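Enquirer: Quick one: the structure is below, questions incoming.
The values are calculated or read from the model by the stated rules, or taken from the named source; none is laboratory data. Here the structure is a predicted model, which means the values were calculated and not measured. Please note: Cβ atoms are built from the backbone with ideal geometry, for glycine as well, and neighbour counts cover all protein chains shown. The protein model used for the area step is the full one, side chains on, heavy atoms only, and it has no ligands, DNA or RNA in it. Shrake-Rupley method; radii C 1.70, N 1.55, O 1.52, S 1.80 Å.
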Amino acid sequence: MKIVNGIKKKFLSKRLSALVAAGLMTLSFGTADAATVNLNLDETIQRAFENNRTIKQAVADREAAAWNLSTARRRSNPTLSWDTTAQKVGGKYYDNLGYNRAFNNTASIGMPIYMGGQLKAARESAKYALNSADLELENTLQNVKLQATSYYFQVLQYRNLIEVREEAVKTLQEHLKNVNAQFRVGTVAKSDVLASQVELANEQQALVTTQNTYDVAVATLNNFIGLPADTILQPADTLTYNKYNLTLGGCTAYALENRADIAAADYAVKQAEQAKKSAKAGYRPTVSASATKGITGKSVFKDDITDQWTAGLSASWNIFDGGVTSSQVHAADAALSRAKETAAKTREDVQLDVQSYFLQLKAAEKNISTTQTSVALAEEDYKIAQVRYAAGVGTNLDVMDASRKLTEAKTNYFSALYTYNTAKASLDRYMGIPVGIDVTRYVAAEQDGKTANKAREDAAIESEAGEVPTIGEVAPVVTIDLEQSSPLPSETVEQELTK
C-alpha cells in the first residue's frame with residue numbers, strides 16, 4: 001500500500017488529470033479552420049478529450065446505464081391505469097333493451113409486493129452496470145490520452161527524422177561538390193562522381209519517404225483530435241529523456257489496485273451474481289396488490305349508473321414450468337463463471353502489460369545512452385573519412401559508408417528517445433494513472449453505499465470531473481476545405497530547417 005500511495009502522489013502531483021472533465025473544460029489555442037495550429041502535448045490531449053468521438057460514445061453508454069437504473073427502480077412503484085368505453089346501441093332489439101347508449105370507466109391501481117427477489121436483483125444489477133459504465137468511461141479517457149500522446153510523439157519522431165535526412169542530403173550534396181571539383185582536376189575517377197550521385201539520390205528518396213510519413217502522422221493526429229486532416233501543426237515539444245525511477249514491483253502493485261478495467265470486471269461479476277438471483281426468483285411465489293373503481297351507465301329510456309370498487313391481493317406460484325427456471329439458473333451460473341474467469345484474466349493481463357512496457361522502457365533507456373555515444377563516434381568517423389578522401393588516402397566508398405553510419409546512428413538515437421517516451425506513456429496508462437476519477441476512491445465510495453453520482457464526486461481528481469457527464473449534440477463531420485490549396489506539413493518543416 002505504501003508503494004501504491006507513493007506512486008499515486010508522484011503522478012497526481014503532475015496534475016495530468018486536470019486536463020479532463022469529460023469535455024467540460026475549454027481551451028483556446030487555435031481554431032479548427034486555421035491553416036496552422038500551435039500546440040503542445042497537454043493541449044493535444046485536451047483537444048482529444050473535447051472532440052474524440054470514442055469518449056462521447058462512452059458518455060452516452062454511461063447515460064444509458066443511468067436511465068436503465070432509473071427504470072429498474074421504478075418497477076417497484078405503483079401503477080395507475082384508466083380504461084374507458086362508450087357504446088351506441090341500435091338495431092332490431094333496441095326497444096327491448098330500454099337504452100341506446102352505454103359507457104364504462106375503470107381506474108386501476110397495482111403494486112408489486114413480492115416478486116421472489118427479482119426486482120431487487122434487477123436494481124442491484126443496474127446499479128453495478130452504472131458503476132461499470134463510470135469505470136469504462138475512465139478507461140476510455142486513459143486510452144484516448146495514451147493514443148493522443150502516441151500520435152503526438154509520432155509527429156515529433158518523424159519531424160526529427162526529417163531533420164536527420166535533411167542533414168544527410170546536405171552533407172552528400174557538399175561531398176558531391178568536392179568530388180566534382182577533384183574530378184575536374186583529374187584527381188578522382190568518374191566512378192566516384194557517379195557513385196556520389198547515386199548515394200545522394202538514394203538519400204533524397206529516403207527524405208521524401210520520411211516527409212510522406214510525417215504528413216500521414218500529422219493527418220492521423222488531426223483526425224484524432226478533431227481538426228481537419230490538412231491542418232498544419234506546429235508542435236511545441238521535443239522528445240527528451242527524463243529518468244523513470246519506479247520499480248517493476250511498485251508499478252505492478254499500483255496497477256492491480258488502480259486499473260479501471262479490473263474494477264469494471266469485478267462489477268461484471270456482481271452483475272452476473274444478481275442475474276443468477278433474478279433467475280432463482282422463478283422458484284418463488286409472487287404477490288401483488290390491486291384496487292379498481294368502475295363507473296358504468298346507460299341512458300335514454302332510463303338512466304342507470306353503477307358505481308363499484310374492488311381491492312385485494314393476488315398471489316401466484318409457478319409450481320412446475322417444465323424446467324424453464326432450472327435452465328435459466330444453470331445458464332446464469334455459467335455466465336457467472338465466465339465473468340469470474342474474465343476478472344481473473346484481466347488481472348493476469350494487467351501484470352503482463354505492466355511488465356512488457358516496463359521492460360521496453362528500460363531497454364530504450366539503455367539504448368539512449370548507447371546511441372548517444374554512437375552518434376558522437378559516427379560524427380568523428382565521418383570527419384576523418386572526409387579528410388582522408390581530400391588528402392587522397394581514403395576512398396569515396398569510405399566517405400559514403402561513414403555518412404550512412406552517421407545517419408543510422410542519429411536515426412537510432414531518435415528512435416530510442418521515441419520508444420522511451422511512448423513506453424513511459426504506455427506504462428502510465430497500463431498502471432491506471434487516473435485522468436478523471438480515482439478508481440480506488442470510487443470503489444470505496446460505492447462500497448460505503450453511495451450512489452454512482454456521489455461516488456464520482458468523491459473520486460474526482462478535479463472538481464469538474466466529479467460532475468455527471470452528459471451527452472450533447474453530435475458534432476458535424478470535420479471536413480477539408482477543398483477550395484483552399486495549402487502546403488503539406490512536411491514542406492513547412494523543410495522551410496524551418498532551411499532558415
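Enquirer: Of all the residues that make up region 319-362, how many are free of Cβ contacts under 8 Å to residues at least 24 places away in the same chain, open to solvent by less than 50 Å² (accessible area, probe 1.4 Å) and farther than 17 Å from E273 by Cβ?
Expert: 2
Enquirer: Right, here's the next one. For L497, indicate whether it is modelled with pLDDT of 95 or more, aliphatic (A, V, I, L, M) and open to solvent by 10 Å² or more (accessible area, probe 1.4 Å).
Expert: When the stated conditions are applied, L497 does not pass them.
Enquirer: Can you name the helices (runs of 4 or more DSSP H) wholly within region 1-101 that have at least 1 residues being modelled with pLDDT of 90 or more?
Expert: The qualifying helices (runs of 4 or more DSSP H) are 41-51, 53-74.
Enquirer: Out of (1) of a type in the set (A, V, I, L, M, F, W, C); (2) outside any strand (DSSP E or B); (3) under 30 Å from A86 (Cα atoms), what's the single condition that is false for A291?
Expert: (2)
Enquirer: Here is a follow-up. Does E473 satisfy the condition of being out of contact with any helix residue (DSSP H, G or I) (no Cβ under 9 Å at 6 or more places or on another chain) and part of a loop (DSSP other than H, G, I, E, B)?
Expert: So E473 passes the test.
Enquirer: Shifting gears a bit: Hey, does region 251-260 have a residue that's aliphatic (A, V, I, L, M), assigned to a helix (DSSP H, G or I) and without any contact (Cβ under 8 Å) to a residue 60 or more places away in the chain?
Expert: no
Enquirer: Another question, if that's okay. Within the group G294, G282, which residue is more than 26 Å from L119 (Cβ to Cβ), surrounded by 12 or more Cβ atoms within 10 Å (Cβ to Cβ), modelled with pLDDT under 90 and of a type outside the set (D, E, K, R)?
Expert: Within the list G294, G282, the selection yields G294.
Enquirer: If you don't mind, another one. Give me the pairs, please: first residue somewhere in region 463-482 and over 16 Å from L141 (Cα atoms), second residue anywhere and modelled with pLDDT of 70 or more and of a type in the set (D, E), beta-carbon distance under 8 Å, and either six or more positions apart or on two chains.
Expert: Once the first residue is over 16 Å from L141 (Cα atoms) and sits in region 463-482, its partners that are modelled with pLDDT of 70 or more and of a type in the set (D, E) give I480/D230; D481/D230.
Enquirer: Here are A385, A409: which of them is open to solvent by less than 50 Å² (accessible area, probe 1.4 Å), free of Cβ contacts under 8 Å to residues at least 40 places away in the same chain and farther than 18 Å from K177 by Cβ?
Expert: Step by step, each of A385, A409 is checked, and only A409 is open to solvent by less than 50 Å² (accessible area, probe 1.4 Å), free of Cβ contacts under 8 Å to residues at least 40 places away in the same chain and farther than 18 Å from K177 by Cβ.
Enquirer: For S426, only one of the following conditions fails: (1) at pLDDT 95 or above; (2) of a type outside the set (F, W, Y); (3) in contact with a Gly (Cβ under 9 Å, 6 or more places away or on another chain). What is its number?
Expert: So S426 meets the others, but not (3).
Enquirer: Determine whether region 225-242 contains at least one residue that is in a helix (DSSP H, G or I) and open to solvent by 20 Å² or more (accessible area, probe 1.4 Å).
Expert: No, the conditions are met nowhere in region 225-242.
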